[in-house]
Amino acid sequence: MEASVSHLLTRNDIWLASQNALREGGIPTGFARLDQHLAQGGWPQHGVVELLGEAIGLSPLLQPLLSQAEQSRWLLCVAPPLLPYGPGLQQLGVDLSRFVCVETPCEQERLWALEQALNSGRCGLVLAWLSAPTVAQVRRLQLAAERGRCLLMLHLPEVLAEQPHPVPLRLQWAHASGGIRVTLLKQRGGWPRAPFLLPFREEGPSSALNTPVLVQGPW
């Protein structure tokens, strides 16, 4: 029994309560109210964050993150539902010379591209859209993101909310009257949270919900 427990303690995909005090500080989300609800005070430095919601394009929660993306590494976008619009990305501060978009209709090819990019260590931020990854596939992405010290913001459909994915942060979002409704489904080092509203107008400089984003061109 002791040998079995010791083996479990060495696994990278199991979180220990003792690791809570040693965790890295989070990346500010740009939304003060959201930062207050997150155990790390922001997005994880690396790993997989699952965003469950509408598959119409980039989640508005990620607008501030794009503006502070690491310029020395690549920003990769995999299988977006809408064609990325260059001027809109530039408006958010994205360096288009370090931006790569991969489009493929095959989920297996998306997973392959994601794992290769995350493992490479050359990407600082990856945005991706998947329809139905398995628990094992998500675990592989999480381990790859940790090895490559990369942050993967993974858009998923809401029907996957009940799946026990081994990632540090899972949240559900939806447009609501006056803002965006956010539900924290799971977070490493903290507890799930009941739904709360991020209003369109927040006090302080961290407000970002009013920043317009053009994900697809006006054609």
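Brief remarks on what is shown
- Local net charge near Ser72, Cβ-Cβ under 12 Å (Lys/Arg +1, Asp/Glu -1): +1
- At R0 = 35 Å, FRET efficiency that the Cβ-Cβ distance of Ser131 and Phe196 yields, to 0.05: 0.80
- Label sites at Ser120 and Gln36, each approximated as a point 7 angstrom past Cα along Cα to Cβ, lie 4.0 nm apart.
- Kirkwood-Stokes translational diffusion coefficient of the range 55-182, alpha-carbon pairs, 25 °C, 0.890 mPa s, µm²/s: 161
- Ranking of Ser59, Ser131 by solvent-accessible surface, largest first: Ser131, Ser59 (1.4 Å probe, protein heavy atoms only, all chains present).
The values are calculated or read from the model by the stated rules, or taken from the named source; none is laboratory data. Everything quoted here is computed from the prediction, not taken from an experiment. Here the Cβ is made from the backbone with ideal geometry for all residues, glycine too, and neighbour counts use every protein chain on show. Side chains included, ligands, DNA and RNA excluded: accessible areas come from the protein's heavy atoms. Shrake-Rupley method; radii C 1.70, N 1.55, O 1.52, S 1.80 Å.
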